[in-house]
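Structure, as C-alpha cells:
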Amino acid sequence: MTGSIDEVPLMGQGLTWEDMATGSSFRTAARTVTESDLVSFVNLGGFNEPLFYDASHASAGGYTGRLVPGALVYVMAEGLILQTNVLHGTGLAFMHMEYSVKGPTYVGDTLHVVVTTLEARASSRAGRGVVTTRCAIINQHGTEVAEFTPVRLIRGRDFQETGAQA
C-alpha cells in the first residue's frame, strides 16, 4: 500500500445526520430468538417473573409459547440496527426513546427491524445533528410486535474531533 491510511475507504462507516433524510427507510437482517437468549437475558437482568420462566404460568395467562420480555425484544432490535453499521463511527449519544410493545414475542420468533427517519436536524453545536427514527420490530408473520422512536445525536459531515472533555 502506498500513501496514507486515510486514502483507503473504511468499510462500514456510518451515516452522518445529513445522510439520514426524512422519510428514508432501511430494513435490518433478521434474527431468531432462542431459548438461550431468553434464559441468558432473564438471568442477567434479574427478570424473576414467572411469565418468562414458567411455561404453565404463561399458558394460564393465555400465552401460547415461551414469552420473551419486551426489554429483550428491544435489545435484540437495537443490536440488529447496530449490525447494519448505520451508526458505526458516527453515533455520539442516545438521547431519548419512546417504546411500545404491541404484541407478544415468543422463543422461535424471527425478528427484523424497519427503520424510518422521522426528523434530522442540525444541533446547537456545529458538526452534529439530532435524528429521530421510528423503528418497527416485525416478526416472521409480518406482525409489528413493538416499536421505538429513538432520538440520537449523530456526527455531521463537518464534525471536528476534539480531545476528551472533563
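Show me the GluC sites (Glu not before Pro) within region 6-112 that DSSP assigns to loop and that have at most 14 other Cβ atoms within 10 Å of their Cβ. Could you put the intermediate results ahead of the total?
Details: sites: E7, E18, E35, E78, E98; in loops: E98.
Here the sparse-neighbourhood loop sites are E98.
What number results when the radius of gyration of the chain, computed over Cα atoms, is divided by 2.2 N^0.38 Å?
Values: Rg = 19.0 Å, N = 166, 2.2 N^0.38 = 15.3 Å.
Output field value: 1.24.
Taking K and R as +1 and D and E as -1, what net charge do the other residues with C-beta under 13 Å from the C-beta of A71 add up to?
Net charge in that neighbourhood comes out at -3.
Taking amide hydrogens as modeled 1.01 Å from N in the peptide plane, which residues meet the under 5 Å criterion relative to L111, leaving out close sequence neighbours?
Excluding prolines and chain starts, which carry no amide H, the hits are R31, T32, V33.
For R128, enumerate residues with amide H under 5 Å from its amide H, sequence gap 5+ or separate chain, H modeled in the peptide plane.
Counting only residues 5 or more places away or on other chains, the set is S123, G156.
Once the other residues with Cβ under 12 Å from the Cβ of A146 are scored (Lys, Arg +1; Asp, Glu -1), what is the net sum?
Residues near A146 contribute -3 overall.
For the chain, find the longest principal axis of its Cα atoms and tell me its angle to the long axis of helix 35-45, 0 to 90°, nearest 10.
With both axes taken from Cα atoms, the answer is about 80 degrees.
Of G12, G61, G129, which has the largest mean-square fluctuation in a 10 Å C-alpha GNM of the chain?
Between G12, G61, G129, it is G61 that shows the largest mean-square fluctuation.
Output wanted: per-residue J couplings in Hz (rounded whole) for region 142-159, from phi through Karplus 6.51 cos²θ - 1.76 cosθ + 1.60, θ = phi - 60°, x for Gly and Pro.
The phi angles translate into x, 8, 6, 8, 6, 8, 9, 10, x, 10, 10, 9, 10, 4, x, 4, 9, 4 Hz.
Post the alpha-carbon centroid distance, region 33-54 to region 87-166, in whole angstrom.
Rounded to whole Å, the Cα centres lie 25 Å apart.
Which net charge results for the neighbourhood of V42, defined as the other residues with beta-carbon distances under 14 angstrom from its beta-carbon, given Lys and Arg at +1 and Asp and Glu at -1?
-3
Sort out the exposed loop chymotrypsin sites (Phe, Trp or Tyr not before Pro) in the chain (DSSP loop, at most 16 other Cβ within 10 Å) and tell me the longest stretch that has none.
64-166
Rounded to the nearest angstrom and ordered from largest down, what semi-axes does the equivalent ellipsoid of region 94-166 get from its C-alpha gyration tensor (root of 5λ)?
33, 12, 11
Skipping prolines and chain starts, which residues have an amide H placed within reach, meaning under 5 Å, of the one on L87, given they are 5 or more residues away or on another chain?
L15
Taking θ as phi - 60°, what are the ³J(HN,Hα) couplings along region 71-84 by the Karplus curve (6.51, -1.76, 1.60), each to the nearest whole Hz, with x for Gly and Pro?
Karplus values, whole Hz, x for Gly and Pro: 5, 5, 4, 4, 4, 5, 5, 4, x, 4, 5, 5, 5, 6.
Computed from the coordinates by the stated procedures, all read-outs in this text should not be read as laboratory data. Given the structure is predicted, the values throughout are model-derived calculations rather than measurements. Because the Cβ atoms are built from the backbone with ideal geometry, glycine has one as well, and the counts that use them run over all protein chains shown.
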